[in-house]
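Okay, so here's the structure we're looking at.
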Amino acid sequence: MSQQQEPGFDTSVPQTARIWNYWLGGKDNFPVDRAVGDQILEAFPAIVENARASRAFLARAVGYLADEAGIRQFLDIGTGLPTANNTHEVAQRVAPDARIVYVDNDPIVLAHARALLTSTPEGATAYIDADLRDPDKLLQEAARTLDFTQPIAIMLMGILGHIEDDDQARSIVNHLVDAVPSGSYLTMNDGTDTSEEVVEAGRIWNQSANPTYHLRSPDRIARFFEGLELVEPGVVSPPRWRPEPSPSGLPAEIDSFCGVGRKP
Ligand SMILES: C[S@@+](CC[C@H](N)C(=O)[O-])C[C@H]1O[C@@H](n2cnc3c(N)ncnc32)[C@H](O)[C@@H]1O
């Protein structure tokens, strides 16, 4: 994408959705995004594997929720730019009547949202341009598509790290979980401060990219699931959450932790 083709975006400040898109091999990014993306890649070469493994977790988690857990409604907050295996594609492959609401606050994600609105005729998809820090507005708009008397899977994938303060993040998570009925789920995944390389990557990110991103310890991530029943194997590194069986044993961990919890 060239700056001439897409006027209206801030192309002077690297943005999270576009940098993530760059690491995933997408084309919806600008030179500033690639520059900081490359700088981080140099300090933390595993970032590309990290991004791919995080997306693979998303697909396995949504597959589990739609299939084994029987969930038919998804609220995917911090959607990112459309890529392979978007939430509605995975969910509707299992359950064509699944309804999905996507939420993001980046104008470039809004501009590409039509690629997320390709629902099956039996199901529905909607996109909301809203901010996680204003959960009331987000929930009000989501209620146009989702039935809040029936279970909903709330998805926070790679977004809570953008909320630095644990109390604020916890209060947002509680607000969302309080709004959905028993039998609903919280699915989340975020970067952890588990290697020197990733900590350096976080430092580089926070010098130039928007919004800032704050790595947490695995324990701090696990605390967001308090009050929920954790689906096996609990809060783990994404490659270890229900991986495909492999003769070579458990896959290697990455600097990220994830989980799926059920509201009792
Ligand atoms: C690292 S990307 C993750 C994308 C996708 N969930 C995934 O796992 O591949 C984080 C996304 O969260 C969005 N985001 C960050 N802060 C947000 C906020 N306060 N409200 C809504 N979206 C936000 C960004 O625009 C970006 O698209």
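Around the amide H of residue 183, modelled in the peptide plane, lie the amide H atoms of 263, all under 5 Å away and 5 or more residues distant in sequence or on another chain.
Cα-based values for segment 54-103, radius of gyration first and Dmax second, are 9.8, 27 Å.
All C-alpha to C-alpha distances of segment 101-146, sorted into 10 Å bins beginning at zero, yield P(r) values of 28, 52, 20, 0 percent in whole numbers.
Sorted largest first by accessible area at a 1.4 angstrom probe radius, with every protein chain in place, the residues 88, 162 fall in the order 162, 88.
Distances between every pair of Cα atoms in the chain, grouped in 10 Å steps from 0 to the bin holding the largest one, split as 7, 31, 38, 20, 3, 0 percent.
For segment 11-112, what is the convex hull (Cα atoms) projected area averaged across all directions, in square nanometres?
Averaging across all directions leaves 6.6 nm² for the Cα convex hull.
Split the accessible area of segment 130-169 by element, probe 1.4 Å, and carbon with sulfur accounts for 40%.
Is the shape of segment 89-168 rounded, prolate or oblate, going by the alpha carbon gyration tensor and its root eigenvalues a ≥ b ≥ c, with a/c under 1.5 for rounded and a/b larger than b/c for prolate? It comes out prolate by the Cα gyration axes. Computed 3J(HN,Hα) for segment 239-251, one whole-Hz value per residue from the Karplus formula 6.51 cos²θ - 1.76 cosθ + 1.60 where θ = phi - 60°, is x, 9, 8, 6, x, 4, x, 9, x, 8, x, 5, x, glycine and proline marked x. The local environment of residue 104, defined by Cβ-Cβ distances under 14 Å, has a net charge of -3 under the rule Lys, Arg +1 and Asp, Glu -1. Residue order by solvent-accessible surface for 137, 27, 263 is 27, 137, 263, largest first, with ligands and nucleic acids left out and a 1.4 Å probe. Annotation: amide H of residue 128 within the under-5 Å range of 102, 103, 104, sequence separation 5 or more or interchain, hydrogens built in the peptide plane.
The convex hull of the Cα atoms of segment 190-264, projected and averaged over all directions, covers 6.2 nm². Each label point was placed 7 Å from the Cα along the Cα-to-Cβ direction; for residue 147 and residue 110 their separation is 3.1 nm.
For a test of the definition: using alpha carbon positions, the gyration tensor, and the 1.5 limit on a/c, classify segment 133-264 as rounded, prolate or oblate. Judged from the Cα gyration tensor, segment 133-264 comes out oblate (a/c at least 1.5, b/c at or above a/b).
With the helix formula -39500 (n - 2.57) applied to DSSP H stretches of n ≥ 4, the chain reaches a computed 222 nm mean residue ellipticity of -11000 deg cm²/dmol. Computed over protein heavy atoms with a 1.4 Å probe, the carbon and sulfur contribution to the accessible area of segment 189-259 reaches 51%.
Protein heavy-atom accessible surface, 1.4 Å probe, per residue over segment 167-264: 47 Å².
Restricting the GluC sites (Glu not before Pro) of segment 39-98 to loop positions (DSSP other than H, G, I, E, B) with no more than 11 neighbouring Cβ atoms within 10 Å leaves 68.
The values are calculated or read from the model by the stated rules, or taken from the named source; none is laboratory data. On a predicted model such as this, the values are computed, not experimentally measured, just so you know. When we count neighbours, we look across all protein chains shown, and the Cβ atoms used for this are built from the backbone with ideal geometry, even at glycine. Remember, those area values only see protein heavy atoms, side chains included, never the ligands or the DNA or RNA. Shrake-Rupley method; radii C 1.70, N 1.55, O 1.52, S 1.80 Å.
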